[in-house]
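I have placed the structure first, in the form of structure tokens, so that the comments after it can refer back to it.
Computed from the coordinates by the stated procedures, all read-outs in this text should not be read as laboratory data. Note that the structure is predicted; figures quoted are calculated from it, not measured. Note that each Cβ is placed from the backbone with ideal geometry, even for glycine, and that neighbours are counted across all protein chains shown.
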Amino acid sequence: MKQDAFRKLISGRKKGLTASFLRCLLGFASIFYLLAVKLRNFLYNKGLLKIHRVNAPVISIGNITTGGTGKTPLVIWLANMLSRMDLKCFVLTRGYKQGKGDKVQGTSTDEPAIISQSCPQGEVIVNPDRFAAASKVLSENKSAIENRFSKVAFVMDDGFQHRQLSRDLDILTIDATCPFGFGKLLPAGLLREPLNAVKRADAIVLTRTDLVSKSELAQIEEKIKALAANPDILIAKSNHFPVCAKTSDETEIGLDEIGNKKVFAFCGIGNPESFFDTIKICGCKLVGTKIYDDHHKYSKGDIAEIYDYAAQLNADLILTTQKDFTKCSFDLQKQKIKLAFLLIELRFIVGQDKLRNLINNTLTGKISQIQNGQNKGF
């Protein structure tokens with residue numbers, strides 16, 4: 001089943017007896033998923049599955065729902081913040097169908113490529129085993145660290161469920177447009193864990209808050225506070241702000257120019273509707289859309305189909321996400337309609353200073369422990 005059809009089914013938008021029957025089957029399957037998640041968390045909580053520490057600060061950014069919560073812009077924001085603090089930042093990511101233990105190269109695609117391009121002072125390491133990746137980094141930089149020529153910090157991308165590596169700060173991203181995964185665990189909903197897992201979070205960053213009403217946002221905050229271990233948990237609010245569009249030759253198209261165009265948009269991400277809503281904020285006329293599955297690998301046939309759709313609808317511009325654009329490595333220069341990606345920047349509305357202070361305090365405490373020999377990896 002295609003991703004778009006699946007979201008319509010689990011959200012309840014798909015009506016009829018067949019849809020109801022399929023939702024029942026998915027609900028039954030989610031019972032087994034729940035048992036597996038509960039067993040795994042129980043084993044970690046009781047120490048039966050080992051949680052490993054490393055001799056460097058680790059900050060995790062993750063989510064409790066699958067697909068499209070907007071954590072990548074937050075990872076980029078944090079990695080660049082750490083680099084500006086004269087820390088050597090390594091982003092540890094699972095990646096998607098990339099080689100184990102690989103440093104991200106220019107040929108990489110998807111989120112690791114975006115993070116690497118957006119964080120020139122840091123490094124991105126792809127390895128599903130984040131502890132092994134961190135240990136290797138520390139081993140390779142051992143001399144510089146011991147002589148205090150270098151201080152290392154790790155950002156663990158998509159780390160909330162990756163409990164094997166201990167973290168000093170757990171930041172949970174929640175997409176305001178679909179905050180609780182339709183209230184059901186996979187595969188009946190989008191939740192990766194039961195909602196009480198929010199108790200493990202040290203801070204919350206709400207994303208895409210401009211795409212919901214103030215009353216909806218207040219309800220989300222109330223629920224988070226009820227779920228959190230600390231009802232006064234830091235809840236920062238952010239938006240994904242469109243900066244400009246960029247073509248393959250790095251030509252920038254300003255928002256004013258986009259606003260005067262008829263746009264055809266396509267994407268293969270976890271939350272496609274949020275991307276289309278962001279495009280509409282630019283003021284352009286969205287004449288058509290095409291949704292692909294998350295992490296879709298584009299073929300020449302796909303690109304030709306996209307251009308055909310755009311031409312039929314008399315579009316002036318084709319827009320996609322930066323993530324999708326990294327996988328459109330074809331000759332786009334000869335086409336009459338420009339294809340570009342919408343450059344998105346994370347902008348905090350509320351809570352940025354408090355989040356910075358929390359991160360600074362976490363780093364100060366961790367580095368002090370390391371220098372005093374109080375933190376030993378195992």
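The table for this structure:
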read-out	value
Per-residue HN-Hα couplings for region 49-64 [Karplus 6.51, -1.76, 1.60; θ = phi - 60°; Hz; x = Gly/Pro]	10, 7, 9, 9, 9, 10, 7, 6, x, 10, 10, 9, 10, x, 8, 10
Axial C-alpha extent at least 24 Å, average Kyte-Doolittle at least 0.5 - helices from the chain (DSSP)	17-45
Neighbour count of at most 13 Cβ within 10 Å plus DSSP loop: longest trypsin sites (Lys or Arg not before Pro)-free window in the chain	149-296
Amide H partners (placed H, <5 Å) of ILE174, local residues excluded	VAL205, LEU206, THR207
Karplus-derived HN-Hα couplings along region 229-235 (A = 6.51, B = -1.76, C = 1.60, θ = phi - 60°), whole Hz, x at Gly and Pro	5, 10, x, 9, 3, 5, 10
HN-Hα J in Hz across region 257-268 - Karplus 6.51, -1.76, 1.60, θ = phi - 60°, x for Gly and Pro	5, 4, x, 9, 10, 8, 10, 9, 10, 9, 6, x
Long-range amide H partners of VAL152 with built H, under 5 Å	LYS88
Spherically averaged projected area of region 1-89 from its Cα convex hull (nm²)	8.7 nm²
Net +/- balance of residues flanking PHE21 in space, Cβ distance below 14 Å, scoring K and R +1, D and E -1	+3
Restraint check, LYS50/LYS142; LYS15/LYS323; LYS214/LYS354; LYS225/LYS290; LYS300/LYS336; LYS71/LYS354, Cα-Cα greater than 28 Å	LYS15/LYS323; LYS225/LYS290
Residues with amide H under 5 Å from that of GLN335, placed H, sequence gap 5 or more	none
Label selected from (1) 52, 25, 21; (2) 39, 26, 19; (3) 35, 27, 20, the criterion being semi-axes √(5λ) of the Cα gyration tensor in Å as computed here	(3)
For the chain, built as a Gaussian network whose Cα springs stay under 10 Å, the top-fluctuating residue of ASP157, ASP86, ASP210	ASP86
Net +/- balance of residues flanking MET156 in space, Cβ distance below 10 Å, scoring K and R +1, D and E -1	0
Cα-based convex hull volume of region 185-289 per residue, rounded to whole Å³	151 Å³
Rg to Rh, two decimals, where region 242-345 supplies the alpha carbon set and Rh follows Kirkwood	0.91
